[in-house]
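Below is one structure, written out as C-alpha cells; the observations come after it.
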Amino acid sequence: MKFGGTSMAGTERIRRVAGLVRAQAAGKGGVRNQVAVVVSAMAGETDRLVGFCREANPLHDAAEYDVVVSSGEQVTSGLLALTLQSLGERARSWLGWQLPIRTIEAHSKARVETIDAPGMLEALNQGEIAVIPGFQGVSHRERITTMGRGGSDTSAVAIAAAVGADRCDIYTDVDGVYTTDPRIVAKARKLKAVTYEEMLELASVGAKVLQSRAVGLARKAGVRLQVLSSFVDESANASADDLLGTLIVSEDEMDEMVEKGLMERQLVTGIAHDKTEAKVILTRVPDKPGAVAHIFEPLADASINVDMIIQNVGRDKGETDVTFTVPQADLARAQALLEDRRDMIGFNRIITDSQIAKISVVGVGMKSHAGVASTMFRSLSDRGINIQAISTSEIKVSVMIDEDETELAVRVLHTAYGLDSSE
Ligand code: ADP
Ligand code: ASP
Ligand code: MG
C-alpha cells in the first residue's frame, strides 16, 4: 500500500490511513495479510524543503539537496508507525538506508538498483507491519539519494517487486486514473483500466497521478498496479464503482476487457499537461555539422533532460536558431553551462521562457488511425491557441503552447476527442 501526500497531511489523516492499513492486515476469514506501506511526505512539505534549498544556494549541490528534501518522508513514516502502534498493531519504520534501497548515484533523480531487505522480510513474516518512507534511497557511497518528484510511487513498486507482493495499491486523492486531470476538466471520466504502455506515456508527459518510472518498473517487474482513493468511505453509501479505482493492465488483458464489453476502445485514451518545462532559444548558431552536439553534450553530461527540440532551417550567413525545452528546475544550470561554452558553440544570445506548457494526447489507437494530430491542430487553432513546437511518438502527439492557455487547451481537446462524460 502506498499513500500520497494529501493522505498523510496531518495526524488526523494519518489515523485514517492507519485504519485502512489495519483493515488490510487483518485480511479475511481469519487469514492475515502481510503489509508493507510506503508513505509520502505531508502535502506541500517537499515543496517547502525544495524552497529552502533554493534560498540557501540556487545552484545547490544535489547530494545536500537530497539530505534536505528526503526528510519529509522520515517524519510521516515514523508517525504512521506510531499511529499503528496506538491501534495495537506491531509496526516499525524502515528508512531507505536501513533496508537498504540501493540506488545509482544520480542525486535528485536516482534510480533503484537493488532492494535487499532481509530484516524487513523477517519482520513481515513475524506479522509486523513495515512502514517505508518513499522517495529515498542510499547510494554506494552511503549517501542519501532521492528518486525525483513523485518518486514515492517508484519506491512502492520497487518494494512490491522486492517482496513479491500480490498487488501494489497506490492510494491517492482521486479515485483512479481519469481521461485527464479531473481537477481541470470536471467532465473527465474515470478509466476502469489503462495499459502499462499508455499509462507510461501519460505519466511521462505530465499526468502526475503516477510517476512514469513507477509504471515502467511495474511493467518490467510484472507488478500488479492499482490506483485508488484513500478518501472513499467504505462504510458510507459509496457505489461499488467508487471503490474500485483503476487497474494498470497488459495489452492482452485490455483486449479481453474490450471483448467482454467492460471497456471501450477510444482513439485517444487520455490528455495530459505539463507546466514544469522551460523553453531555451539559442540564436545564430553556426549551421554546420557538430553544432548541436556541442549544445546537447554538456547538458547530457550534467543529467539535464532535453525534451522538445526544433532547429530552424538555416538562414543567411550559415546560421540558425535552436529551440529546446529543459525542466524549469534545471534551467539555471543549463543556462550557466551554455554560457560557459558560448565561444565553442558560437551562438549569439540565449533567450529563455518558463511561461510555456506542453499538452499531449495519448492513445494506442493512433498506431492504426490517421488524423489524431490534425484534429488537435484544428481544435486549438479554432480557439486561437498558437502552437510553438510539436513532437510525436507512436502513441502520442505533444504541442508546446503559452502556459496561460493550458486549461482551455485541455478542455477543448477533451471535448474534441469525445472524452467528456455525459453526466
Ligand atoms: P499523491 O500525493 O497521492 O502522490 P499526486 O498529487 O502526486 O498525489 O497525484 C494525484 C493528482 O494527480 C490528482 O490530484 C490529480 O490532480 C492529478 N492528475 C493528473 N492527471 C490525472 C489523471 N489523468 N487522472 C487522475 N489524476 C490526475
Ligand atoms: N514527497 C515527494 C514529492 O513530493 C515524493 C512523493 O510524494 O512521491 O515529490
Ligand atoms: Mg504523487
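The values are calculated or read from the model by the stated rules, or taken from the named source; none is laboratory data. These numbers come from a predicted model, not from an experiment. Note that each Cβ is placed from the backbone with ideal geometry, even for glycine, and that neighbours are counted across all protein chains shown. These accessible areas exclude ligands, DNA and RNA; they are computed on the full protein's heavy atoms, side chains included. Shrake-Rupley method; radii C 1.70, N 1.55, O 1.52, S 1.80 Å.
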Notebook entry, point to check: In the stretch 97-128, which residues are in a strand (DSSP E or B) and charged (D, E, K, R)?
Noted result: 102, 113
Next item on the list: Kindly list the number of the only condition in (1) open to solvent by 70 Å² or more (accessible area, probe 1.4 Å); (2) modelled with pLDDT of 95 or more; (3) β-branched (Val, Ile, Thr) that fails for residue 103.
Entry: (1)
Check: residue 131: within 16 Å of ligand 2 (Cβ to nearest atom), over 14 Å from residue 18 (Cβ atoms) and among the aliphatic types (A, V, I, L, M), yes or no?
Finding: no
Next item on the list: Name, by its number, the condition in (1) in contact (Cβ under 8 Å) with a residue 24 or more places away in the chain; (2) under 27 Å from the mean Cα position of the chain (by Cα) that does not hold for residue 318.
Entry: (2)
Note to self: One residue is enough: does the stretch 78-88 have a residue meeting the conditions of a type in the set (A, V, I, L, M, F, W, C), within 16 Å of ligand 3 (Cβ to nearest atom), closer than 24 Å to residue 214 by Cα and out of contact with any Pro (no Cβ under 9 Å at 6 or more places or on another chain)?
What the structure shows: no
Check: For the stretch 207-228, does any single residue satisfy the condition of being within 16 Å of ligand 3 (Cβ to nearest atom) and modelled with pLDDT under 95?
Finding: yes
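Residue-by-condition table, conditions (1) among the charged types (D, E, K, R); (2) open to solvent by 40 Å² or more (accessible area, probe 1.4 Å):
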| site | (1), (2) |
| --- | --- |
| 317 | yes, yes |
| 321 | yes, no |
| 345 | no, no |
| 370 | no, yes |
| 381 | no, yes |
| 398 | no, no |
Notebook entry, point to check: How many residues are among the charged types (D, E, K, R) and within 14 Å of ligand 1 (Cβ to nearest atom) if we restrict to the stretch 129-158?
Noted result: 2
Check: Could we say that residue 354 is within 29 Å of the chain's Cα centre (by Cα), open to solvent by 20 Å² or more (accessible area, probe 1.4 Å) and over 27 Å from residue 197 (Cα atoms) here?
Finding: yes
Margin query: Is it the case, given these coordinates, that residue 307 is assigned to a helix (DSSP H, G or I) and out of contact with any Gly (no Cβ under 7 Å at 6 or more places or on another chain)?
Written below: no
Notebook entry, point to check: Within the stretch 168-176, is there a residue that is away from ligand 2 (no atom under 16 Å from the Cβ) and closer than 21 Å to residue 254 by Cα?
Noted result: yes
Checklist line | Hits in the stretch 26-55 - residues which are part of a helix (DSSP H, G or I), more than 16 Å from ligand 1 (Cβ to nearest atom) and either exposed (fewer than 12 other Cβ atoms within 10 Å of the Cβ) or of a type outside the set (A, V, I, L, M) (or both) | finding: 51, 52, 53, 54, 55
Note to self: Out of the helices (runs of 4 or more DSSP H) lying entirely within the stretch 174-290, which hold 2 or more residues that are open to solvent by less than 30 Å² (accessible area, probe 1.4 Å)?
What the structure shows: 196-204, 212-221
Notebook entry, point to check: Looking at this structure, is residue 68 within 16 Å of residue 96 (Cβ to Cβ), more than 16 Å from ligand 3 (Cβ to nearest atom) and either within 20 Å of the chain's Cα centre (by Cα) or of a type outside the set (D, E, K, R) (or both)?
Noted result: yes
Check: Taking only pairs six or more apart or across chains, which ones have beta-carbon atoms under 8 Å, a first residue in the stretch 1-25 that is open to solvent by 40 Å² or more (accessible area, probe 1.4 Å), and a second residue that is within 14 Å of ligand 1 (Cβ to nearest atom) and of a type in the set (D, E, K, R)?
Finding: 6/13; 6/173
Note to self: Checking residue 297 against (1) open to solvent by 50 Å² or more (accessible area, probe 1.4 Å); (2) modelled with pLDDT under 95: exactly one of these is not met. Which one?
What the structure shows: (2)
Check: Does the stretch 185-204 contain any residue that is closer than 30 Å to residue 121 by Cα and touching a residue at least 60 places away in the same chain (Cβ under 8 Å)?
Finding: no
Margin query: Please go through the stretch 26-53 and give me each residue that is without any contact (Cβ under 8 Å) to a residue 40 or more places away in the chain and either touching a His at 6+ places or on another chain (Cβ under 6 Å) or more than 16 Å from ligand 2 (Cβ to nearest atom) (or both), ordered by number.
Written below: 26, 27, 28, 29, 30, 31, 33, 53
Checklist line | Extreme residue, nearest to residue 202 (Cα to Cα), among residues of the stretch 364-423 that are charged (D, E, K, R) and modelled with pLDDT under 95 | finding: 394
Next item on the list: Could you please find all residues in the stretch 68-96 being among the small types (Gly, Ala, Ser) and either open to solvent by less than 50 Å² (accessible area, probe 1.4 Å) or part of a loop (DSSP other than H, G, I, E, B) (or both)?
Entry: 70, 71, 72, 77, 78, 81, 88, 91, 93, 96
Margin query: Going through 56, 81 one at a time, which residue ends up being touching a residue at least 24 places away in the same chain (Cβ under 8 Å), away from ligand 2 (no atom under 11 Å from the Cβ) and hydrophobic (A, V, I, L, M, F, W, C)?
Written below: 81
Checklist line | Pairs, first in a helix (DSSP H, G or I) in the stretch 401-421, second polar (S, T, N, Q) and surrounded by 22 or more Cβ atoms within 10 Å (Cβ to Cβ), C-beta under 7 Å, six or more apart | finding: 410/180; 414/179; 414/180
